[in-house]
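Here's the structure, in structure tokens; my notes come after.
The values are calculated or read from the model by the stated rules, or taken from the named source; none is laboratory data. Computed from a prediction, not measured in an experiment: that's the story for all the values here. Cβ: placed from backbone, ideal geometry, glycine included. Neighbour counts: every protein chain shown. Quick note on the areas: whole protein, heavy atoms, side chains included, nothing else; ligands and nucleic acids left out. Shrake-Rupley method; radii C 1.70, N 1.55, O 1.52, S 1.80 Å.
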Amino acid sequence: MAWQAICAVDDILVGTGMAALVGGHQLAVFRLHDDRVFAIGNLDPFSDAPVLSRGIVGDLGGDLVVASPIYKQHFRLMDGSCVEDETVNVGAWPADIQDGRIRVRYGAG
Amino acid sequence: MTSKQTLLVAGNGMVGQHFLEAAAEAGLTDRYDITVIGEEPRHAYDRVRLSEYFSGTSAEGLSMASADWFTEQGIATRLGVRVDSIDRDGRKVTLSDGERLDYDRLVLATGSYPFVPPIEGIDRPECFVYRTIEDLDAIIAAGGAARCGAVLGGGLLGLEAANALKNLGLEAHVVQFAPTLMEVQLDRDGGRMLESKIGELGVKVRTESNTRAIVDGEEHRLRLQFADGGHLETDLLVVSTGIRPRDELCETSGLERGERGGFSVDDQCRTSDPAIFAIGECAAWNGRVFGLVAPGYQMARVAVSALADEAARFEGADMSTKLKLLGVDVASIGDSLGRTAGAQSYSFTDGPAGIYRRIVVNDRGDRLLGAVLVGDTTPYGDWLQYCINDMPLPDQPEALLLPGVEGDAGGLSPGALPDTAQVCSCHNVTKGGICEAVAGGATTLGDLKSCTKASTGCGGCTQLVTQVLNAELESLGVAVDRSICEHFPYTRQELFHLVRVEEHMSFDSLLQAHGKGLGCDICKPAVGSILASCWNGYVLGDDTTPLQDTNDAFLANMQKNGTYSVVPRIPGGEITPEKLIVLGQVAKKYDLYTKITGGQRIDLFGATVEQLPEIWRELIDAGFETGHAYGKSVRTVKSCVGSTWCRYGLLDSVGMALRLENRYKGLRSPHKLKFAVSGCTRECAEAQSKDVGVIATENGWNLYVCGNGGMRPRHADLIATDLDDDALIQAVDRFLMFYVRTADRLQRTSVWLENLEGGLDYLREVIFEDSLGIAAQLEDDMKRVVDTYECEWKRTVEDPERLKRFRSFVNSGDGDPSLRFVRERGQRRPANPDEQAVQSIPLVEVS
Ligand code: SRM
Ligand SMILES: Cc1cc2nc3c(=O)[nH]c(=O)nc-3n(C[C@H](O)[C@H](O)[C@H](O)COP(=O)(O)OP(=O)(O)OC[C@H]3O[C@@H](n4cnc5c(N)ncnc54)[C@H](O)[C@@H]3O)c2cc1C
Ligand code: SF4
Ligand code: FES
């Protein structure tokens, strides 16, 4: 588990996400209005398509979430859990901003 | 289960069908083996809406029950055969194919037949009646070669037939024996007003004309010779001179007949043989036959109760009617002709506006006995309630007559109605019934429709039902929470007003002023769409991009594997060979799956997000624009080839489709919008299934609105006739902007209209009479959208900042390595899960 620089902060538009390829895996990296950043798995388990980075970001009942663009389930940015189905989790990894770059601490396990 | 008795039903028309449904609901299917015998070749259909068959509703569209329904209910059917005779002693019927069936109980629901007067020549092949789908097929077949059609009979059905002829594109005439039209329902002044309004619409009416003979014509196929020496020529004739009950089974069975025909029935709808019932138009109760569907339905329910050993009585029925004939509103209530002893009447005529009203009151002037309305039927609901509930009138009953002042003159509030007041006569729903449904949780007209069926018949009661509903909700103190989501305590409509009035230019500004939290996937796209409708800004700006659904955010539709489709605009479906070739070349270069869509354009599937700008650059260079297939916006304007090529085309439908599509492309709205333009009434562009449908006539364009295909199909409503090009555009401008302003999020125009209080009439007033005084504003709003149109893809491919988002990965220039495709029928498609591992072709790399 090591921190890896992904991209410049400005590579991601405020309030949106982008996918990142990290160690052969796809992460969805989001940048919020207050420059907090989050990384969760990009694969939408309900459609098996790697698309969560392209969902709409917002909050539901106080939790930060992204809505899958395919069938609209919500995933919490904090821990990758699914709001509609608590048995589903896409994974979440620590992310932050350092020296104007977004970093993710990613590793299996 | 051998103890079941046998119940036969003769006739599968509207009333026979209603009987079967009520019987199934009451559990009679457990006590009886039911068989229905119908002479027509199909299951029951909605005869009341028969004329819609001319405007494109199919036989299936009119159908009241599917074959599956009968199977599910265990009801046997014999279609295309008639009950020919009844052997009452042996309790058997003989069918026209010779089969004999036993019965324990028999229900006659044989309806009526069109009466054809014995006039010389009336049996010629160019003469038709108007009762069944087969009759209409015959008229349509003859209509193709005809230029001109006449209807014999100026009653309700005759006028409806005249309208149908007009819609077939024929010059229409009505020949009436009586001095005025609709002499059964309307008094003379009312009839005259109707005649002059219909005349304005181009239907030629001839009253007091006694047709003596029908002979060969000189200019047209037929000539009607009148007793006064005059004549009229026509290519076809529809005879609509009244109906007669189909009671011919009296002859073999000896069942009693009413004085004016029909199987004589008692209050339980039993004929003179207690094992045999008669219901609907074939039944005579107290010597009277009822030629409307609502009394027939009541009889059907009474007969079901009697068969279930429950007490119920038929007590006569209200024959009030409200309808639109050739676009003119007409209504008659109760004793409209003032036949009651001591009755007095008041009337009011507004010549310029074409409005006529008459009320008939009792001798003391405190009860309404009947009424006539022509030109405007707004007071119908209130007046009907006064009449059928025997409610006291205001002190000066004549005050009811003045349009616009009913409110001041003590107009009816729903609170004044007794609980027993029947609000919907088609389905026998009372005010009490509605209140019960509301107590049970119904909060919208839609809810009420599904749980009480109120307002799902003739629709005449919709306004009243809505009023009762709202009053009841209010009195229960129910504040219906219509907030769009947890972030805004407002409806879409309210948000729209806030954005406009307070001139919010961004989501954040609106959220700060009126919302809480960060927003979500409900309110963000809704507000994004509102901002676009109001200010028509660029949808992929820095602050608008995060609001968009992924389809809008990438200006393309996401497919199930995360790739996108590309749909260039092909206005009106018209495309040059050069452009067609470019589409083929692009598709080939990027290996895109290619399909002709249901909207007359071409969809290219399977582009990855980084390919999109590249593909669009090539398309834009070839003159294409975005098709907004991804947006809640104008999709396609379908067109037929029209007068340019088609031998029947009346106007240039392609040209009009292009004009419409180019005008409204880019308009963001609560849901997608679809249009179509047909060059004549044959309707090859299927305009009547669209949000906006336009059909050419001899005199201009007919405008239809609020149609829908999709999951809940709805036929569009005719809102205006014979518009010229500019009047059409003006009307559509107003219509669309009014919808954009007032609809809920993701509410198509069809559902919007169904929830719009006042319905089509109200909409027509807003658009054509500017009843809200906002028409100029609506046009201005539309003008701003039209003037600021730009192709979003063009702007996007020219803006490197924007293109940064069109990458599969923020940290790599590569495409998505996980995508798997296979080939099928020569094209590439996403691999199924079980194909993923086995066959795969690498993603095509594009330089
Ligand atoms: C491509 C096409 C099917 C085809 O291969 O022919 C299509 C494809 C889709 N339709 Fe459709 N519809 C297509 C014509 C239609 C039609 C026919 C028509 O327009 O004449 C209808 C019925 C008419 C109508 O809308 O009233 C139609 C009724 C729907 C509906 C149901 C709407 C409703 O009111 O019930 C949806 C769902 C929705 O919009 O919420 C839908 C949604 C969709 C979506 C957007 C589903 C989705 O979210 O992925 C599909 C996306 C296709 C894509 O990626 O490009 N599509 N869809 C047609 C594109 C037409 C075009 O050129 O733009
Ligand atoms: C164009 C048109 C417009 C109308 N508009 C309105 C309106 O706006 N409002 C309104 O209230 N009413 C309207 N009506 C009248 C309405 O359609 C009738 O009141 C209603 O259909 C009566 O139902 P029914 O079942 O009694 O008869 P029908 O619907 O006529 O059904 C009788 C069925 O029995 C079959 N049949 C007859 N004899 C036999 C036999 N011996 N064996 C087997 N089958 C037999 C017939 O073929 C027919 O299918 C309209 C009618 C027409 C034609
Ligand atoms: S009908 Fe369904 S599956 Fe077919 S294109 Fe339309 S939305 Fe997609
Ligand atoms: S009165 Fe006909 S639908 Fe209610």
Q. If you count, for every residue in A:62-71, the Cβ atoms of partner chains within 10 Å of its Cβ, what is the mean?
A. 3
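Relative contact order for chain B: what percent, with Cα pairs under 8 Å and sequence separation of 6 or more? Please list the in-between numbers first.
Values: 1691 pairs, mean separation 57.4, N = 847.
Answer for chain B is 7 percent.
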Q: Of the options B:ALA685, B:ALA731, B:TRP701, report the single residue whose Cα projects farthest towards the positive end of the charge dipole of region B:653-778 (beta-carbon charges: Lys, Arg +1; Asp, Glu -1).
A: B:ALA685
Q. When only Cα pairs under 8 Å and 6 or more residues apart are kept, what is the percent relative contact order across region B:127-241?
A. 32 percent
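Restricting the count to DSSP beta bridges whose residues both fall in region B:675-769, what percent are antiparallel, rounded to a multiple of 5? Walk me through the numbers before you get to the answer.
Details: 11 of 15 bridges.
Of all bridge pairs located within region B:675-769, approximately 75 percent are antiparallel.
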Q: Have a look at B:GLY599, B:ILE575, B:MET558 and report the one farthest towards the positive end of the charge dipole of region B:552-621, computed about the Cα centre with Cβ charges (Lys/Arg +1, Asp/Glu -1).
A: B:GLY599
Q: Using only protein heavy atoms and a 1.4 angstrom probe, determine the accessible area buried between A and B, summed over both sides, in Å² to the nearest 100.
A: 2600 Å²
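Inside 10 Å of the C-beta atoms of A:7-20, what's the mean count of C-beta atoms belonging to other chains? Walk me through the numbers before you get to the answer.
Details: counts 4, 1, 0, 2, 5, 3, 10, 4, 10, 7, 3, 7, 9, 5.
Average neighbour count from other chains, rounded to a whole number: 5.
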Q) Nearest 20 debye, what's the magnitude of the dipole of region B:552-621 about its Cα centre given +1 on Lys and Arg Cβ and -1 on Asp and Glu Cβ? A) 200 debye
Q.
Taking a ≥ b ≥ c as the square roots of the Cα gyration tensor eigenvalues, with a/c under 1.5 meaning rounded and otherwise prolate when a/b beats b/c, else oblate, which class fits region B:143-197?
A. prolate
Q | With Cα atoms, 0 to 90° folded angle of helix B:523-535 axis to chain B main axis | A | 90 degrees
Q) Assigning unit charges at the beta carbon (Lys, Arg +1; Asp, Glu -1) and nothing else, what dipole magnitude in debye, to the nearest 20, does region B:634-787 show about its Cα centre? A) 920 debye
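Accessible area per residue, 1.4 Å probe, Å², for region B:740-817: what's the number?
On the way: 3570 Å² over 78 residues.
With the other protein chains kept in place, region B:740-817 gives 46 Å² per residue.
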Q: With everything on Cα atoms, drop me the angle between helix B:653-664 and the longest principal axis of chain B, reported from 0 to 90° to the nearest 10.
A: 60 degrees
Q: Please state the charge dipole magnitude for region B:450-545, taken about the Cα centre, from unit charges on C-beta atoms (+1 on K and R, -1 on D and E), reported in debye and rounded to the nearest 20.
A: 340 debye
Q | Span per principal axis, largest first, for the Cα atoms of the protein assembly as shown (Å) | A | 99, 67, 65
Q) Computed over the Cα atoms of region B:127-241, what is the ratio Rg over Rh, Rh following Kirkwood? A) 0.95
(Q) Could you tell me the relative contact order of region B:634-787? Use alpha-carbon pairs under 8 Å, at least six residues apart, and round to a whole percent. (A) 18 percent
Q: Mind jotting down the distance between the C-alpha centroids of region B:553-622 and region B:319-384, whole Å?
A: 59 Å
Q) lysines near B:LYS4 by alpha-carbon distance under 30 Å, same-chain residues fewer than 8 away left out - which ones? A) B:LYS92
Q.
Please compare each pair in A:LYS72/B:LYS672; A:LYS72/B:LYS632; A:LYS72/B:LYS579; B:LYS322/B:LYS431; B:LYS166/B:LYS595; B:LYS324/B:LYS453 to a cut-off of 28 Å on the Cα-Cα distance and tell me which ones are over it.
A. A:LYS72/B:LYS579; B:LYS166/B:LYS595
Q: Determine the shape class of region B:464-530: with a ≥ b ≥ c the square roots of the Cα gyration tensor eigenvalues, call it rounded for a/c under 1.5, and otherwise prolate if a/b is greater than b/c, oblate otherwise.
A: prolate
Q. Does anyone have the angle between helix B:462-475 and the longest principal axis of chain B? Alpha-carbon axes, 0 to 90°, nearest 10?
A. 70 degrees
Q: Within chain B, what's the longest run with no trypsin sites (Lys or Arg not before Pro) in a DSSP loop and at most 10 other beta-carbon atoms within 10 Å? Give the range, please.
A: B:1-338
Q. Restricting attention to region B:760-810, which GluC sites (Glu not before Pro) occupy a DSSP loop and are surrounded by at most 16 other Cβ atoms within 10 Å?
A. B:GLU769, B:GLU790, B:GLU798
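Using DSSP to call loops (not H, G, I, E or B), can you name the trypsin sites (Lys or Arg not before Pro) in region A:34-107 whose Cβ has at most 14 other Cβ atoms within 10 angstrom?
Working: sites: A:ARG36, A:ARG54, A:LYS72, A:ARG76, A:ARG101, A:ARG103, A:ARG105; in loops: A:ARG36, A:LYS72.
Hits after loop and neighbour filter: A:ARG36, A:LYS72.
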Q) Once the dipole of the protein assembly as shown is set up with Lys and Arg at +1 and Asp and Glu at -1 on Cβ about the Cα centre, which of B:TYR590, B:GLY517, B:HIS173 lies farthest towards its positive end? A) B:TYR590
Q.
Rounded to the nearest 5, what % of DSSP beta bridges with both residues in the protein assembly as shown are antiparallel?
A. 75 percent
Q. Can you tell which of A:ASP63, A:ASP96, A:ASP34 shows the greatest fluctuation in a Gaussian network model of chain A with Cα springs below 10 Å?
A. A:ASP34
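Within 10 Å of each Cβ in peptide B:559-566, how many partner chain Cβ atoms are there on average? Round it to a whole number, please. Before the final figure, lay out each step's value.
Details: counts 3, 6, 6, 14, 2, 0, 0, 0.
Per-residue shielding by partner chains comes out at 4.
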Q | Debye log10 I(q)/I(0) at q = 0.04, 0.06, 0.07 Å⁻¹ for chain B, Cα point scatterers | A | -0.22, -0.49, -0.67
**Q.** 222 nm mean residue ellipticity, helices alone, for chain B (DSSP H n ≥ 4; -39,500 (n - 2.57); rounded to 500)
**A.** -8500 deg cm²/dmol
